[in-house]
Amino acid sequence: MLRIISLSLILVFIAGCSGQSTAELRRLQMLEAQRAEEAAREAQKLAAERDTRIQTRLNDAHNAWENDRNLTSIDITSLFENHGAQLTAGKTYFVEFELQAARYNYGEDKQSFTIVGMRNLPSSKVYSPIFPDENALYQPGQKAKSVLEFTLRDEKEENQMAQLVEREDGQRWVAAVLNFKDYESLVTLQNSWRWEPGLFDDISWHVPPEVAYPQTSSRSLSMQIGFRFCPLDRCYLDSNYRKHAIHGVRADVISIAIGNRDTDNILAEFVRDAL
């Protein structure tokens, strides 16, 4: 009898334990389902915010293109003399740069361009103070970032042909940005336009020559870049390059529009999707 009672108690205990484990398993499954549902809702929210952010930035770029709303000389003076104190925080400011077409590349079926007024610095120790290597905070060594330098203004003089050219030892005021050709901080809306990683060509249009020629023959293609400037003192840097005094400010590229100024048609768009 004692053995039967003991066996019964053991069976009751096992059944009780099995019941608790099943209930706990159901509770964990419900919690996991709730977490998955919350994660899905958060992902949908972030995707909607990203789509809205992209569309807002594209609309702003279109408006600037249509109305020639570019950074003025007064804005540039304020940007460097007052470190952006008079500029609106978080606002995108637009500047246009000429695109210079290379010879059409029949071997690769593409039309390449260089951006006039841009300097490519693949390993820029000069700009390391305003583009620090975050990994160096935790590990020894500083890795210089790849930087693009865009001339916002320079000092000019009249040459013998009565043309305005950059003064031989004149100053430059530039926007320094992380090389979006290497770091892929921009998303593209036209896959036929692709960045070139080298130093000689900057971007290529992968279309047949009969498509490219009508756009390049008039030499009226330009690139409108939307900059967001850093307002902090540590984002400014003075340096020298080939007898030119360079005054630089760190900036982020928010949008890029490539278009023909003769027709005002936009041919390509790039946009930063991150905050």
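Observations on the model:
- Whether the range 169-275 is rounded, prolate or oblate, judged on the alpha carbon gyration tensor where a/c under 1.5 counts as rounded: prolate
- With a simple spin-label model that places each label point 7 Å from the Cα along the Cα-to-Cβ direction, the separation between Leu199 and Arg53 comes to 3.4 nm.
- Within the range 51-83, trypsin sites (Lys or Arg not before Pro) in DSSP loop having at most 15 other beta-carbon neighbours inside 10 Å: Arg69
- Listed residues Thr114, Tyr138, His247: farthest to the positive end of the dipole of the chain (Cβ charges): Tyr138
- When the inverse distances between all different Cα atoms of the chain are averaged and flipped, the Kirkwood radius reads 22.7 angstrom.
- For the chain, adding -39500 (n - 2.57) for each run of n ≥ 4 DSSP H residues and dividing by the number of residues yields -11000 deg cm²/dmol at 222 nm.
- Of all accessible heavy-atom area on the chain, the percent that carbon and sulfur account for (1.4 Å): 53
- Candidates Arg194, Arg27, Arg250: whichever shows maximal mean-square fluctuation once the chain is modelled as a Gaussian network with Cα springs under 10 Å: Arg27
- Long-range HN-HN contacts of Arg167 with modeled amide H, under 5 Å: Glu155, Lys156, Glu157
- Residue of Val211, Val253, Val126 that the Gaussian network model of the chain assigns the largest fluctuation, springs spanning Cα pairs under 10 Å: Val211
- Amide H to amide H distances under 5 Å link Gly84 with Leu79, where only residues 5 or more positions off or on other chains count and H is placed in the peptide plane.
- Relative contact order (%) - criterion: Cα under 8 Å, at least six apart; region: the range 183-254: 22
- Candidate cross-link partners of Lys181 among the lysines, defined by an alpha-carbon separation under 27 Å and a same-chain spacing of 8 or more, comprise Lys91, Lys110, Lys125, Lys143, Lys145.
- Rolling a 1.4 Å probe over the protein heavy atoms gives the chain an accessible area of 62 Å² per residue.
- In terms of its C-alpha gyration tensor, the range 26-86 comes out oblate, because a/c is 1.5 or above while a/b does not outweigh b/c.
The values are calculated or read from the model by the stated rules, or taken from the named source; none is laboratory data. Computed from a prediction, not measured in an experiment: that's the story for all the values here. Heads up, the Cβs are rebuilt from the backbone with ideal geometry, glycines too, and the neighbour counts pull from every protein chain shown. In case anyone asks, the SASA skips ligands and DNA or RNA and just uses the protein heavy atoms, side chains included. Shrake-Rupley method; radii C 1.70, N 1.55, O 1.52, S 1.80 Å.
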